[in-house]
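Trainee: Shown below is the structure under consideration.
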Amino acid sequence: MVLKPQPQDHRLHELGDFLRTRRARLTPEEVGLPKGTRRKTPGLRRAEVAQLVGVSVDWYTWLEQGRSITPSTQVLERLVQTLRLDANERTHLFLLAQQQPPPALLLEPEIVSPALQRFLDQFGARPAFVSGRRWDILAWNDAGCAVFDDYRRRTAPRERNTIWGIFTNPLARQQIVNWEEDARQLLAQFRSSCGRYPGDAQLTELIHDLMLASPEFRAWWPDHEVRSGQEGRKALNHPQVGYLLFERLTFQVFDTPDLKVTVYTPLEEADTPRKVEQLLEQWYQQEGQGPHPPQAVHHLPQTQRSGQDTVGRWLEACGQRVEGAWVANSEVMISYAQWCEAHGYVPRKAKGVSQSLAAHGLEVSVRQWVSTGPGRRTKTRGVRGLRVQDGS
C-alpha cells in the first residue's frame with residue numbers, strides 16, 4: 001500500500017527546497033560574514049542563515065526539512081532580507097510558508113533628525129553624508145559641500161541621487177579616478193540594497209529611467225552583481241586642487257536602518273588633508289560664514305556628548321579581549337550603562353551597542369548555554385572574545 005503525499009507535505013517540502021536554493025546562491029562575503037575554511041558546499045550554511053535571521057539553528061533546520069511549523073511574518077521578512085529575495089521571490093516565500101501573499105511594504109518617511117545632522121557636522125574636514133533607501137543624499141556637512149558639491153543648490157529631481165549622478169552626470173566621469181571601476185562597485189552595492197525593498201515603485205522607476213539614460217547601466221544591470229560596501233577608497237581629480245584620496249566608511253543608523261551614513265577620511269597621500277582644509281576655507285569665504293557651530297562639541301558638558309563613541313571608550317576602560325572568552329549581552333549592557341553613568345555620558349541603546357561592538361571587531365549575538373539554576377540551562381546571546389569588569 002502506497003501512501004499518497006498530502007498537499008500540506010508537498011508545500012512544506014517545496015518551502016524547504018526553495019530556502020536551500022536561495023542560500024546556495026549567496027556567498028558569506030555578500031552578507032558580511034567571513035569566508036572561513038573547509039567549506040564543502042557552495043553558498044551559506046544553515047547556521048549562518050539562522051544567525052543572520054536571529055533564530056536557532058535547530059529551528060531553521062526544521063524549516064528546511066519541511067516540518068509543520070509556521071514562521072511569523074517578522075521572521076519571513078528577515079529571511080527576505082538575508083537571502084536577498086526580490087519581489088516575486090518574497091511573494092513565493094509567503095505563499096509557501098503562510099499560504100497567503102505577503103503584506104504590502106509600508107516604507108517610513110526618510111527624516112534626518114537634528115541629532116544626526118549635528119553628528120555629521122562634528123566630522124569637521126571629513127566629508128560626511130546621509131543617504132536613504134533609494135540612494136538620495138538627504139543630509140551633508142560643510143566639508144561634503146566644499147569637496148563634492150553644494151547640495152543645497154541641487155533642487156531638480158534626482159540631482160541628489162548618487163546612482164543617477166554617477167551614471168548620467170558628465171562631471172562624475174571627469175572627477176572620479178577609475179570611473180568604470182567605481183561605477184561598477186557602486187552599482188553592485190545598489191543592487192544589493194534594492195533587495196531590501198522589493199515592490200518600491202519609486203525605486204523601480206529609477207531603475208527603469210537609468211536603463212534608458214545610461215548605456216553602461218543598461219549593460220551592467222543584468223549581470224546581477226551584488227556587493228557589500230562598508231569600507232573602501234575613493235580617488236578624485238578635483239578641478240581646484242587636483243588629486244585627492246579618501247578612505248570611505250559607511251554604516252547604518254540603527255534607529256532608522258533605511259538611512260546610511262558615509263564618511264570620507266582624507267588620507268595623507270597627495271597631501272589630501274591640507275587640500276581639503278584649503279577647499280573648506282575657500283567654501284567658507286565664498287559663503288561668508290565660519291565653521292558650523294556643532295564643530296565645537298568639545299566645549300559641551302559631558303552629559304551632552306551622546307554622539308561620541310562611548311562603546312569604544314567603555315571597551316578601553318572595562319573590556320579585555322581574550323580568545324575563547326564569552327560574555328552575555330546582559331552583562332555587557334550592565335557594565336556599559338554603569339560606566340556611562342559614572343562618566344556623565346548618555347548610553348546608547350542595545351542595538352547601537354551591538355553595532356559598535358561589531359565595528360570594533362568583536363563577534364556579537366553568539367548563542368551559548370548558560371546555567372539558570374540547579375540542573376537548568378538555557379541558550380542566551382552574547383559576545384565572543386571579550387571579558388568585562390565592573391563599569392561603576
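The values are calculated or read from the model by the stated rules, or taken from the named source; none is laboratory data. All figures in this text were calculated on a predicted structure; none of them were measured in a lab. Methodologically, a virtual Cβ is constructed for each residue, glycine included, from the backbone with ideal geometry; neighbour enumeration extends over all protein chains shown. Side chains are part of the model used for accessible areas, which takes the heavy atoms of the whole protein and leaves out ligands, DNA and RNA. Shrake-Rupley method; radii C 1.70, N 1.55, O 1.52, S 1.80 Å.
Trainee: Look at segment 327-339 and say how many of its residues are open to solvent by less than 70 Å² (accessible area, probe 1.4 Å), within 17 Å of residue 355 (Cα to Cα) and not polar (S, T, N, Q).
Mentor: Within segment 327-339, residues that are open to solvent by less than 70 Å² (accessible area, probe 1.4 Å), within 17 Å of residue 355 (Cα to Cα) and not polar (S, T, N, Q) number 6.
Trainee: Is it the case that some residue within segment 112-133 is in contact with a strand residue (DSSP E or B) (Cβ under 6 Å, 6 or more places away or on another chain), charged (D, E, K, R), in contact (Cβ under 8 Å) with a residue 40 or more places away in the chain and in a loop (DSSP other than H, G, I, E, B)?
Mentor: Taking every residue of segment 112-133 in turn, at least one turns out to be in contact with a strand residue (DSSP E or B) (Cβ under 6 Å, 6 or more places away or on another chain), charged (D, E, K, R), in contact (Cβ under 8 Å) with a residue 40 or more places away in the chain and in a loop (DSSP other than H, G, I, E, B).
Trainee: Would you point out the residue of segment 50-65, among those that are not in a loop (DSSP other than H, G, I, E, B) and not hydrophobic (A, V, I, L, M, F, W, C), that is surrounded by the fewest Cβ atoms within 10 Å (Cβ to Cβ)?
Mentor: As a first pass, look at segment 50-65 and keep what is not in a loop (DSSP other than H, G, I, E, B): 50-53, 57-64.
Applying the additional criterion that residues be not hydrophobic (A, V, I, L, M, F, W, C) yields 51, 58, 60-61, 64.
Details: 51: 21, 58: 11, 60: 22, 61: 16, 64: 17.
Among those that are not in a loop (DSSP other than H, G, I, E, B) and not hydrophobic (A, V, I, L, M, F, W, C), it is 58.
Trainee: Could you list, in sequence order, all residues of segment 44-62 that are hydroxyl-bearing (Ser, Thr, Tyr) and closer than 13 Å to residue 79 by Cα?
Mentor: In the first step, residues of segment 44-62 are kept if they are hydroxyl-bearing (Ser, Thr, Tyr); the result is 56, 60-61.
Residue satisfying the conditions is 60 alone.
Trainee: While we're on this one: Out of the residues in segment 169-203 that are open to solvent by 50 Å² or more (accessible area, probe 1.4 Å) and in contact with a helix residue (DSSP H, G or I) (Cβ under 9 Å, 6 or more places away or on another chain), which is nearest to residue 110 (Cα to Cα)?
Mentor: Out of the qualifying residues, it is 196.
Trainee: What are the residues in segment 202-227 that are within 24 Å of the chain's Cα centre (by Cα), basic (Lys, Arg) and more than 24 Å from residue 29 (Cβ to Cβ), if any?
Mentor: Across segment 202-227, there are no qualifying residues.
Trainee: Could you tell me which of the residues 253, 276 is at pLDDT below 95 and surrounded by 15 or more Cβ atoms within 10 Å (Cβ to Cβ)?
Mentor: On the way: 276 fails: at pLDDT below 95.
None of the others qualify; the one that does is 253.
Trainee: (1) surrounded by 18 or more Cβ atoms within 10 Å (Cβ to Cβ); (2) among the small types (Gly, Ala, Ser); (3) under 30 Å from residue 29 (Cα atoms): which one isn't true of residue 146, the others all being true?
Mentor: Among (1) surrounded by 18 or more Cβ atoms within 10 Å (Cβ to Cβ); (2) among the small types (Gly, Ala, Ser); (3) under 30 Å from residue 29 (Cα atoms), the lone unmet condition for residue 146 is (3).
Trainee: While we're on this one: Just to be sure, is residue 311 modelled with pLDDT of 85 or more, aliphatic (A, V, I, L, M), touching a helix residue (DSSP H, G or I) at 6+ places or on another chain (Cβ under 8 Å) and surrounded by 18 or more Cβ atoms within 10 Å (Cβ to Cβ)?
Mentor: Working: modelled with pLDDT of 85 or more: yes; aliphatic (A, V, I, L, M): yes; touching a helix residue (DSSP H, G or I) at 6+ places or on another chain (Cβ under 8 Å): yes; surrounded by 18 or more Cβ atoms within 10 Å (Cβ to Cβ): yes.
Considered against the rule, which asks whether it is modelled with pLDDT of 85 or more, aliphatic (A, V, I, L, M), touching a helix residue (DSSP H, G or I) at 6+ places or on another chain (Cβ under 8 Å) and surrounded by 18 or more Cβ atoms within 10 Å (Cβ to Cβ), residue 311 comes out as yes.
Trainee: What do you reckon, is residue 182 in a loop (DSSP other than H, G, I, E, B) and under 27 Å from residue 276 (Cα atoms)?
Mentor: On the way: in a loop (DSSP other than H, G, I, E, B): no; under 27 Å from residue 276 (Cα atoms): yes.
The answer is no for residue 182.
Trainee: Somewhere in segment 210-227, is a residue closer than 27 Å to residue 114 by Cα, of a type outside the set (S, T, N, Q), surrounded by fewer than 16 Cβ atoms within 10 Å (Cβ to Cβ) and in contact (Cβ under 8 Å) with a residue 12 or more places away in the chain?
Mentor: Of segment 210-227, the ones closer than 27 Å to residue 114 by Cα are none.
So far as segment 210-227 goes, no, none of its residues is closer than 27 Å to residue 114 by Cα, of a type outside the set (S, T, N, Q), surrounded by fewer than 16 Cβ atoms within 10 Å (Cβ to Cβ) and in contact (Cβ under 8 Å) with a residue 12 or more places away in the chain.
Trainee: Now, a different point. For segment 134-179, give me the residue count where each residue is part of a loop (DSSP other than H, G, I, E, B) and in contact with a Leu (Cβ under 9 Å, 6 or more places away or on another chain).
Mentor: Our first condition is that a residue be part of a loop (DSSP other than H, G, I, E, B); within segment 134-179, this holds for 134-135, 141, 148-150, 154-160, 169, 177-178.
Subsequent filtering for residues that are in contact with a Leu (Cβ under 9 Å, 6 or more places away or on another chain) retains 134-135, 141, 148-149, 158, 160, 177.
Count: 8.
Trainee: Taking segment 145-165 on its own, how many of its residues are free of Cβ contacts under 8 Å to residues at least 40 places away in the same chain and touching a strand residue (DSSP E or B) at 6+ places or on another chain (Cβ under 7 Å)?
Mentor: Final tally of qualifying residues: 3.
Trainee: Look through segment 66-84, keep the residues that are buried (at least 20 other Cβ atoms within 10 Å of the Cβ) and among the β-branched types (Val, Ile, Thr), and return whichever of them is farthest from residue 204 (Cα to Cα).
Mentor: 82
Trainee: A further question follows. Looking at segment 207-245, which of its residues are under 22 Å from residue 258 (Cα atoms) and in contact with an Asp or Glu (Cβ under 9 Å, 6 or more places away or on another chain)?
Mentor: 226, 227, 228, 231, 232
Trainee: Would you point out which residue out of 87, 47 is more than 28 Å from residue 263 (Cβ to Cβ) and surrounded by fewer than 16 Cβ atoms within 10 Å (Cβ to Cβ)?
Mentor: So the residue among 87, 47 that is more than 28 Å from residue 263 (Cβ to Cβ) and surrounded by fewer than 16 Cβ atoms within 10 Å (Cβ to Cβ) is 47.
Trainee: Another one. Would you check if residue 32 is closer than 26 Å to residue 230 by Cα and either open to solvent by less than 40 Å² (accessible area, probe 1.4 Å) or in contact (Cβ under 8 Å) with a residue 40 or more places away in the chain (or both)? Full working, then the answer.
Mentor: Details: closer than 26 Å to residue 230 by Cα: yes; either open to solvent by less than 40 Å² (accessible area, probe 1.4 Å) or in contact (Cβ under 8 Å) with a residue 40 or more places away in the chain (or both): yes.
Judged against the criteria, residue 32 is a match.
Trainee: Go through the residues of segment 94-107 one by one and say whether even a single one is in a loop (DSSP other than H, G, I, E, B) and open to solvent by less than 40 Å² (accessible area, probe 1.4 Å). Working first, answer last.
Mentor: Our first condition is that a residue be in a loop (DSSP other than H, G, I, E, B); within segment 94-107, this holds for 99-107.
If we keep only those that are open to solvent by less than 40 Å² (accessible area, probe 1.4 Å) as well, we get 102.
Checking segment 94-107: at least one residue is in a loop (DSSP other than H, G, I, E, B) and open to solvent by less than 40 Å² (accessible area, probe 1.4 Å).
Trainee: Condition check: at pLDDT 95 or above, open to solvent by less than 40 Å² (accessible area, probe 1.4 Å) and within 26 Å of residue 273 (Cα to Cα). Does residue 165 satisfy that?
Mentor: On the way: at pLDDT 95 or above: yes; open to solvent by less than 40 Å² (accessible area, probe 1.4 Å): yes; within 26 Å of residue 273 (Cα to Cα): yes.
It is true that residue 165 is at pLDDT 95 or above, open to solvent by less than 40 Å² (accessible area, probe 1.4 Å) and within 26 Å of residue 273 (Cα to Cα).
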